[in-house]
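For reference, the structure discussed in these notes is given below.
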Amino acid sequence: MTIHERIYRLRKEKGLSQEQLAEALHISRQAVSKWESQQSTPDIDNIILLSDYFHVTTDYLLTGKNTTTHVSLFNAKTSIILSTILNTLGFFLSIIIFHATHSILSLIAFIICTTLSILLHQISIQLFHITKQQQYHFWKINIWLVSFTPFSIYLSSLTGVDLFLPIFYGYDFSLFVFYILLWFIYILCCYWILRKIKRKMVQNTL
């Protein structure tokens, strides 16, 4: 594999288009295109920029040895795990508080945890250069946690039906069907959002 192919592969792994990589390095898109098509080779200054941006050594770019540092991968994965834990904490806290008080405190607890989670995730994207694929995996899990609580609390307040665990409360059949339909709509909406996110990421790599 040549340096040109390694640049192309690293760009694709991060889910970047040629324009996005060019903007990040403050160079022209044509320069990136020429590197990847083997019409030219980056000079030493650009090789250093590429190694810093992709968190690989200059030796890896030039020879294929010494791959991505474990520290940056560890930090990226850790930040995603911590963000997911915060969302999960907000999810369970909101359920516990809602069942105990049926007050707006449950929504406040959820908003605080979710805000911290998303803020941590956005900061991590900049610090650790989290790839588009990693971002998609993050949302593939967290979209359910982020949207579940406000959806549940809102509909519980609107209908008077406990939408968290209605099956244990002896509701009549019509309410149970209503519950199933609502959550079917919820699942469809989450699935649609995930498809939109994935489609946007694919478009950004073209």
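We did not get these values from a lab; they are worked out from the coordinates using the rules stated. This structure is a prediction, so every number in the text was calculated from the model and none was measured.
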Original post:
Stretched out fully, how many nm does the piece from K65 to E19 gain, at 0.36 nm a residue minus the Cα gap?
Top reply: 13.9 nm
Subject >> Contact order relative to length of segment 3-63, as percent, for alpha carbon pairs under 8 angstrom and 6 or more apart >> reply: 35 percent
